[in-house]
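Written below as structure tokens is the structure these notes are about.
The values are calculated or read from the model by the stated rules, or taken from the named source; none is laboratory data. Keep in mind that what you see is a predicted model, and the values were worked out from it rather than measured. Cβ atoms come from the backbone with ideal geometry, glycine included; neighbour counts cover every protein chain shown. With ligands, DNA and RNA removed, areas are computed over all heavy atoms of the protein, side chains included. Shrake-Rupley method; radii C 1.70, N 1.55, O 1.52, S 1.80 Å.
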Amino acid sequence: TVDQARRALADGATELVLVNQNNAQQSNTTNGVSYGQLKPELAKPEWAKVPVWGLDDYSQTPGFHDLVAGFVRDRFDVQLGAKGVTPKQTCLLFACHGNPSRITKAGDPGETYMRNNYAALQRTFAAQGFDVHLAFQNHGGKGTTFPQSLFPWSSPPDTDVVPQLANASCSHVLITGTISFV
């Protein structure tokens, strides 16, 4: 992030807009890391006349749901539908990165945003016949090693959901990280 900002300044940028992930994904954690990395750089005198904007999130704006739903449906049509697989034969797993629960309790809206987006996408894809699931990729909580196992993370974890898909009625699984990177 810092290297790209420096390149933009060297190329004569008069304004800088930081958009994390460069696509329809939400990550307050990544935003925080990027802003933390940029803060010392932007304090330098050469940035004094260059306004810098950060787009924290657009996952709750009108049109986001349609954007993600259209992308996921297109991926299904290309990768499975074109081979004769129907939505009724398909489990659709929205995989999201998890966070320690204390982050959400401290006010970070990331997990709430992911759950809001999942709820809207679940309604859309269930209406089309898909068996739709949510799972969080965690690096702590139940089932992980000590000391990460000592504190809870987002739920349900992928370590619980993925084995359940093996016993589901679907013959195909499409896993997508479009709500949040995994």
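Selection among HIS172, THR104, LEU150 by position relative to the dipole of the chain gives LEU150 as farthest towards the positive end (Cβ unit charges, Cα centre). At a Cβ-Cβ separation cutoff of 4.7 angstrom, cysteine residues of the chain with no neighbouring cysteine are CYS96. The sum of -39500 (n - 2.57) across all DSSP H runs of n ≥ 4, divided by the residue count of the chain, sets its helix-only mean residue ellipticity at 222 nm to -12500 deg cm²/dmol.
For the chain, take the longest principal axis of its alpha carbons; what is the angle in degrees between that and the long axis of helix 64-79, to the nearest 10 within 0 to 90? The angle comes out at about 50 degrees.
Using Cα atoms only, what is the angle between the long axis of helix 110-127 and the major principal axis of the chain, expressed in degrees (0 to 90) to the nearest 10? The helix 110-127 is inclined about 40 degrees to the chain.
Can you give me the % of accessible surface on the range 83-182 that is carbon or sulfur? Probe 1.4 Å, all protein chains present, nothing else counted.
57
The amide H of VAL132, built 1.01 Å from its N in the peptide plane, has LEU92 as neighbours under 5 Å, considering only residues 5 or more places off or on other chains. Calculated accessible area for the chain comes out at 56 Å² per residue, all protein chains present (probe 1.4 Å; ligands, DNA, RNA ignored).
Look at the alpha carbon pairs under 8 Å that are at least 6 residues apart: their mean separation over the length of the chain gives a relative contact order of 27 percent. Report, in whole Å, the centroid distance computed from the Cα atoms of the range 71-102 and the range 111-134. Result: 10 Å between the Cα centres. Here the Karplus curve 6.51 cos²θ - 1.76 cosθ + 1.60, taken at θ = phi - 60°, turns the phi angles of the range 86-94 into couplings of 9, x, 5, 8, 10, 8, 10, 10, 8 Hz, with x standing for Gly and Pro. Distance between the 7 Å Cα→Cβ label points at SER171 and ARG123: 3.2 nm. DSSP bridge analysis restricted to the range 48-182 gives an antiparallel fraction near 5%, rounded to the nearest 5.
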